[in-house]
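Trainee: My questions all concern the structure below.
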Amino acid sequence: MQVSIACTDHHLKRGNGDHSKQSATSPNVVNQARAKFRTVAIIARSFGSFTPRNHISLKESTGKHTGMKYRNLGKSGLRVSCLGLGEFFFVLFLICVCVAEQLMTIAYEGGVNLFDTAEVYAGGKAEIILGNIIKKKCWRVDLSVCLSVCLSVCLSVCLSVCPSVRLFVRLSVCLSVCLSVCLSVCLSVYVAGLKGSLQRLQLEYVDVVFANRPDSNTPMEEIVRAMTYVINQGMAMYWGTSRWTAMEIMEAYSVARQFNLIPPVCEQAEYHLFQREKVEVQLPELYHKIGVGAMTWSPLACGIISGKYENGIPETSRASMKSYQWLKEKIVSEDGRKQQAKLKELGHIAEKLGCTLPQLAVAWCLRNEGVSSVLLGTSNPQQLTENLGAIQFLPKMTSHVASDIDHILGNRPYGRKDFRS
């Protein structure tokens, strides 16, 4: 816990000087004020770091040993790694438990503290695997949980492992979990679903709840009240949205302020080289006005940006599956061929920077100021290691490089855009 106190030593000295001009009996008052300040400071330090209110910063920090960068989730106090790992591929490619553990270990040792999973993944088995691995590895130094609420038919869960500032300074890793859960009309069913996910994950609470896809049949006030109820019951600390429009997010914020409820802090959105409008035009306004950040997914556009489809559809790729016929049609279409041509040009920029095309794409996503974290999807350790390496090329993503990328893509949206230089 971090406590902010307005009665700083600087203010005391200034107050002492002014008071001495008015009264000659001020020493007793000064001594009492100093004693009170020392008492409050000791209590504050016992809770954790002691930081004056005016010195709070939302700047990103870098892991000393891993090089991973940590950012605030929106403008909340929750610190998450700028790269997260999604468990969707664990189920999509039927990855065994040992490989899943290997992937999570690589990510965790690389500084990742954000994992994404869902109840619909293998009927809840993904949650069990994830919970068992976390327990086996003893990663729960300090648990903070993020609960994502899914307003759809499915019950999904996003698990994030997040270090607090205090533990991060001590070079300790603190575990936080992001859950995505289905919100039905009946609050009791919703709460029961959350408790079921927490039980499979072997966790008591999550940090942030993400409401995935708003329910048009449920009033916004009821949704916000449900999320507030979950937080008040100790099952979550924050809540966010997923696949919501900017207008819906603003409505939720207005309802929360009107009825003294808890507003969302983050939006999950698709973001990559060929999908830019929402994250670059709509979300920045929400970030600066109401503090809603972005947790983006699919940085490689379902594998299109990886370059694997340059010479056709590999038999072991996602596009070769029957359930992904839409992806295959997209790749072989005229627009798909144009995208592959642009990727070849982007490959030259990647070569100049000394990185691969996937690393360039991930670093490009991280350059956006409003992006708190980018969720990675991978099915093998080599690919995960490669994608995690995008962190070291983030300083090379200058405005000049970004301009060259925009020139090749030709899809830069109009509107206010804020990026990290």
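The values are calculated or read from the model by the stated rules, or taken from the named source; none is laboratory data. Small disclaimer: the values here were computed from a predicted structure and weren't measured. Neighbour counts are summed over all protein chains in view; Cβ atoms, including those assigned to glycine, are modelled from backbone coordinates with ideal geometry. Accessible surface is based on the protein model in full, side chains and every heavy atom, while ligands, DNA and RNA are left aside. Shrake-Rupley method; radii C 1.70, N 1.55, O 1.52, S 1.80 Å.
Trainee: Determine the share of region 193-272's accessible area contributed by carbon and sulfur atoms, expressed in whole percent, with a 1.4 angstrom probe.
Mentor: On the way: 1610 of 3460 Å².
C and S fraction of accessible area: 47 percent.
Trainee: With both partners inside region 203-347, how many of the DSSP beta bridges are antiparallel, as a percent to the nearest 5? It would help to have the intermediate numbers written out before the result.
Mentor: Details: 1 of 13 bridges.
Bridges in region 203-347 that DSSP calls antiparallel: roughly 10 percent.
Trainee: What is the local net charge at V374, summed over the other residues whose Cβ is closer than 12 Å to its Cβ (Lys, Arg +1; Asp, Glu -1)? Display every interim value, and only then the final one.
Mentor: Values: positive: K69, R71, R367; negative: D116, E270.
Local net charge: +1.
Trainee: Further question on the same structure: Net charge around A350, counting only other residues with Cβ within less than 13 Å of its Cβ (Lys, Arg = +1; Asp, Glu = -1)?
Mentor: Details: positive: K342, K344, K352, K396; negative: E345, E351, E386, D404.
Taking every other residue near A350 into account, the sum is 0.
Trainee: Same structure, new question: Cut-off under 21 Å on the C-alpha distance; same-chain residues fewer than 8 positions from K352 excluded. Which lysines are left, in chain and number order?
Mentor: In chain and number order, the partners are K308, K342, K344, K396.
Trainee: While we're here: Peptides 126-133, 310-317: what's the order by average Cβ count within 10 Å, highest mean first? Present the calculation step by step, with values, prior to reporting the outcome.
Mentor: On the way: 126-133: 22.0, 310-317: 11.9.
In decreasing order of mean packing, 126-133, 310-317 become 126-133, 310-317.
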